[in-house]
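Taking it in order: structure first as structure tokens, then the write-up.
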């Protein structure tokens, strides 16, 4: 059954509210640019959408219509809520189809709760997400814990309301009065807490609209972590108001745990291009997985970064160090599709239970083990990449 594709438009806030001429419904490509990466064979391997589950209002919105037009051969199924899709959520049979669902299924919904939450670690604030879920399949990812057995991308089509909320919040904050670990002068908003904005840019203009919005706000800065190199983002003009944090780990760990991501070497090699394009580029040394030989592997990674990164990257870079956190429910899912990963990340001999903010039980390295490992990473950075300040580690 296909959702009717109506042309009704939701009410929008005045254009001046966004600081943009208009939210884009078509990609804005500079005249000198060639074909978009998102139309490439590599992008189609990442996302080959065959079915779209859509809330009717989301499908009928300008952004929803744009997305449906991008995947004209996909079957479209109406849903009452992007959170309640019985054939996806809570269906244990989907665990063995974990990766295929991520690449072939897309969900369209509207973001109902537009809360801006304080953070204080990676960013000052967590912005209302323009998406959740991911087409990549990192074995340790925390995002799928809330959905259960399937975690395709959900795109929120009411990007106009999300940006309107951020506009008001940025205005309310005013200039930043004192430097902190997030940034010395700008309020930092994480726009990708539960998604990867680089992958989302293969689907719609949501990421581009957010980058363009922050480019106009001189007291704020967008930030998102990514494991995917999307050259289309180089066509935007961030004006140093978007921070991309390339997540890195030793290549052998990445090949085992970072399923469907860009190779670590490619992420490092892209840093110079993104700085040249006007982004701020930081690095997430994340997650740090304790296994035999892990110290040597991280030393080699840091040495490689020191060897290949240009001065322009080193002069503005900073890092976050994040030790592995895992989850019992995700462990059970992984055992159905990628048990080899669990040999590295499910370590009861080194881990202890931890109650998360949403009430679920996670596991993390024991306090003494974790503290020693964090200090080891700090020492390795001082030795092999002394130009890389660590903003925080946990």
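The values are calculated or read from the model by the stated rules, or taken from the named source; none is laboratory data. Owing to the predicted nature of the structure, the values given are computational and were not obtained by experimental measurement. Every residue, glycine as well, gets a Cβ built from its backbone with ideal geometry; the counts of neighbours run over all protein chains shown.
Among the residues of the range 337-366, which ones are touching a residue at least 24 places away in the same chain (Cβ under 8 Å) and in a helix (DSSP H, G or I)?
337, 340, 341, 342, 344, 345
Which of the numbered conditions does residue 120 fail, given that it passes all the others? Conditions: (1) in contact with a strand residue (DSSP E or B) (Cβ under 7 Å, 6 or more places away or on another chain); (2) modelled with pLDDT under 95.
All conditions pass for residue 120, except number (1).
So which residues in the range 307-321 are in a helix (DSSP H, G or I) and surrounded by fewer than 16 Cβ atoms within 10 Å (Cβ to Cβ), if there are any at all?
Within the range 307-321, 307, 308, 311, 312 qualify.
Which helices (runs of 4 or more DSSP H) does the range 142-260 wholly contain that include 3 or more residues that are within 30 Å of residue 341 (Cβ to Cβ)?
Qualifying helices (runs of 4 or more DSSP H): 197-200, 251-257.
For the range 89-109, which positions are buried (at least 20 other Cβ atoms within 10 Å of the Cβ) and not in a helix (DSSP H, G or I)?
Those that are buried (at least 20 other Cβ atoms within 10 Å of the Cβ) and not in a helix (DSSP H, G or I): 105, 106, 107, 108, 109.
For the range 111-143, what are the residues that are over 22 Å from residue 330 (Cβ atoms) and either surrounded by fewer than 21 Cβ atoms within 10 Å (Cβ to Cβ) or without any contact (Cβ under 8 Å) to a residue 24 or more places away in the chain (or both)?
112, 113, 114, 115, 116, 117, 118, 119, 120, listed by residue number.
Restricting attention to the range 67-84, and to residues there that are buried (at least 19 other Cβ atoms within 10 Å of the Cβ) and within 23 Å of the chain's Cα centre (by Cα), which single residue is farthest from residue 139 (Cα to Cα)?
The qualifying residue farthest from residue 139 (Cα to Cα) is 68.
Determine whether the range 187-199 contains at least one residue that is within 27 Å of residue 390 (Cβ to Cβ), surrounded by fewer than 24 Cβ atoms within 10 Å (Cβ to Cβ) and in contact with a helix residue (DSSP H, G or I) (Cβ under 6 Å, 6 or more places away or on another chain).
yes
Identify, please: which residue in the range 318-342 is within 27 Å of residue 379 (Cβ to Cβ) and out of contact with any helix residue (DSSP H, G or I) (no Cβ under 8 Å at 6 or more places or on another chain) and is, among those, modelled with the lowest pLDDT? Step through it out loud before you land on a result.
Initially, the range 318-342 is screened for residues within 27 Å of residue 379 (Cβ to Cβ), giving 318-326.
With the extra rule that they be out of contact with any helix residue (DSSP H, G or I) (no Cβ under 8 Å at 6 or more places or on another chain), the set shrinks to 318, 320, 322, 325.
Values: 318: 98, 320: 98, 322: 97, 325: 93.
Residue satisfying both the conditions and the ranking: 325.
In the list 365, 392, which residue meets the criterion of being at pLDDT 95 or above and in contact with a strand residue (DSSP E or B) (Cβ under 8 Å, 6 or more places away or on another chain)?
365
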